[in-house]
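Report on the structure given below.
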Amino acid sequence: MFYDKPECLKPIRTDVLTLTPWLAPIVWNGVFNRDILNAQFHQMDVRVGLTAFAIKKYVMFLPKFIESAEKFFMVGHKVNYYIFTDRVKEVSNFTLAEGRRVVTLEVPAYERWQDVTMRRMEMIRDYSMNRFTNEVDYLVCVDVDMVFLDDVGVEILSNVFGTLHPGFFGALRKEFTYERRPQSTAYIAFDAGDFYYAGGNFGGVIEEVIKLTNFCHNAMLEDKQKNVEALWHDESYLNKYFLFYKPTKILSPEYIWNNYYGSPAAVQKKRFLGIEKDYNVVRFRRAISKP
Ligand code: 5GW
Ligand code: MN
């Protein structure tokens, strides 16, 4: 394989941080060579699971989600789509490339939307222990109200990874919307924290995903007993986890963009984009917090 030699004295990106203080790469467009990475991951015949929850009306996001993933997600690799849903009959049949399949997993629909999003941690944990560990090497856990617009490949894979929230990658620590009430297990002090991670894209090897989701689920249960609920639900617990257990790779906001945040120069590609929701249809949740 022929490609340009990496140049020690010529960094490819000088406009963004590409390495954390604990030496985890931050994945921005341009910093990696997809061909080299694909060759490496083909050598180990990597199997990737993509989990998405389509509970209640969110089944309507599935066709665009899966069709766009067929174009852009881990192209050429083995992929299992794990679709957690309460509406099994409404999951349509998809035409998939070779080595890829949709696995529909029937799960309960919690009444409160806060529980719908938070309980994802518990269900990912349980299915990881009982099933995913036998079927895939890595798990990528994402929101379903999304569409792939550009390649999302093996460059994202690592022991355990998180994604920079598009609203906060240029923000000050004190502006991060961490849980600030000390009585919550998700509490993070104003003088702590590295980045603000998005709840809608994290993953890693199965063993690490089990640790992460188990921590978040138990933290949530602990809060429930004290009758507190973290400000941004599962996202708050995820941020607490990553404070203690630093991710081994971080994805730039290219990997969970939302056009609400415009088109800053640093974000050269919008690889995975949030779909503008018609809140009258999917029920009002909240205004997206300002960056
Ligand atoms: C419904 C109303 C309000 C909030 C969440 C839901 C909801 C979320 C739902 O009814 N069904 C469902 O499957 N979800 C799952 O939780 C989807 O996978 C969704 O992508 C994820 C997170 O909820 P979002 O996408 O509404 O959260 P934001 O922060 O992207 O707006
Ligand atoms: Mn979403």
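Any read-out appearing in this document is the output of simple, stated calculations on the displayed coordinates, not a laboratory observation. Keep in mind the model is a prediction, meaning the values are calculated, not measured. Heads up, the Cβs are rebuilt from the backbone with ideal geometry, glycines too, and the neighbour counts pull from every protein chain shown.
Just a few scattered comments:
- Listed by Cβ neighbour count within 10 Å, with the fewest neighbours leading, 216, 8, 141 appear as 8, 141, 216.
- Estimated [θ] at 222 nm from DSSP helical runs (n ≥ 4, -39500 (n - 2.57)) normalised by residues in the chain, nearest 500: -7000 deg cm²/dmol
- For residue 109, neighbours were defined as the other residues whose beta-carbon sits under 11 Å from its Cβ, and their charges (Lys and Arg +1, Asp and Glu -1) total +1.
- Across the chain, C-alpha contacts under 8 Å between residues 6 or more apart give a mean separation that, scaled by the residue count, equals a relative contact order of 22 percent.
- Note on the chain: Rg/Rh from Cα positions, Kirkwood definition for Rh, rounded to two decimals, is 0.94.
- The ranking of 2, 242, 94 from fewest to most other beta carbons within 10 Å of each one's beta carbon is 2, 94, 242.
- Cα-Cα pairs of segment 33-75 separated by more than 16 Å (percent): 52
- Listed by chain and number, the lysines whose alpha-carbon sits under 24 Å from that of residue 56, ignoring those within fewer than 8 places in the same chain, are 64, 89, 224, 277.
- Derived scalar couplings between HN and Hα for segment 95-106 equal 8, 10, 5, 4, x, 10, 8, 9, 10, 8, 10, 7 Hz in order, rounded to whole Hz, by the Karplus curve 6.51 cos²θ - 1.76 cosθ + 1.60 (θ = phi - 60°), x for Gly and Pro.
- Signed unit charges on C-beta, dipole axis of segment 2-92, positive-most listed residue 76, 92, 12: 92
- Proximity of backbone amide H atoms, modeled 1.01 Å from N, is registered between residue 27 and 250, 251, 252 at under 5 Å, excluding neighbours fewer than 5 places apart on the same chain.
- With the convex hull drawn over the C-alpha atoms of segment 1-112, the volume per residue is 180 Å³.
- In terms of surrounding Cβ atoms within a 10 Å radius of their Cβ, 42, 165 rank from fewest to most as 42, 165.
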